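These notes concern the structure reproduced below.
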Amino acid sequence: MRKLVVDKNKCIGSQTCVAIAPEVFEIESDGKSHVKYQNCADEATIEEAIKACPVEAISWVEE
Ligand code: SF4
């Protein structure tokens, strides 16, 4: 199964992903995004967030 992850070393806290898919991404107290809930948005929305991230911090990993 694949899992959506945010690379905190890359994330600059632009909040772009949160604006696109607030049901999936959330900014934590460190000012960086993380995945709040997996599979809570349709595939197209998640792909849009992945593409919109300015530093390509969001990706899928195989578990
Ligand atoms: S769009 Fe990218 S850089 Fe911006 S908060 Fe989301 S993961 Fe971080």
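The values are calculated or read from the model by the stated rules, or taken from the named source; none is laboratory data. This is a predicted model, so every value here is computed, not measured. Cβ sites come from the backbone with ideal geometry, for glycine too, and all protein chains shown count toward neighbours.
Overview of values
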| quantity | calculated |
| --- | --- |
| Test: residue in region 29-38 that is crowded, with 16+ Cβ neighbours inside 10 Å, of a type in the set (A, V, I, L, M, F, W, C) and either at positive phi or at pLDDT 95 or above (or both) | yes |
| Within region 6-25, tally of residues that are crowded, with 17+ Cβ neighbours inside 10 Å and either assigned to a loop (DSSP other than H, G, I, E, B) or more than 11 Å from the ligand (Cβ to nearest atom) (or both) | 3 |
| In region 46-63, residue farthest from the ligand (Cβ to nearest atom) [restricted to those that are assigned to a loop (DSSP other than H, G, I, E, B) and at pLDDT 95 or above] | 56 |
| The lone exception for residue 2 - which of (1) more than 10 Å from the ligand (Cβ to nearest atom); (2) without any contact (Cβ under 8 Å) to a residue 60 or more places away in the chain; (3) of a type outside the set (Ser, Thr, Tyr) it fails | (2) |
| Residue within region 26-45 that is of a type in the set (A, V, I, L, M, F, W, C), without any contact (Cβ under 8 Å) to a residue 60 or more places away in the chain, closer than 17 Å to residue 1 by Cα and part of a loop (DSSP other than H, G, I, E, B) present | yes |
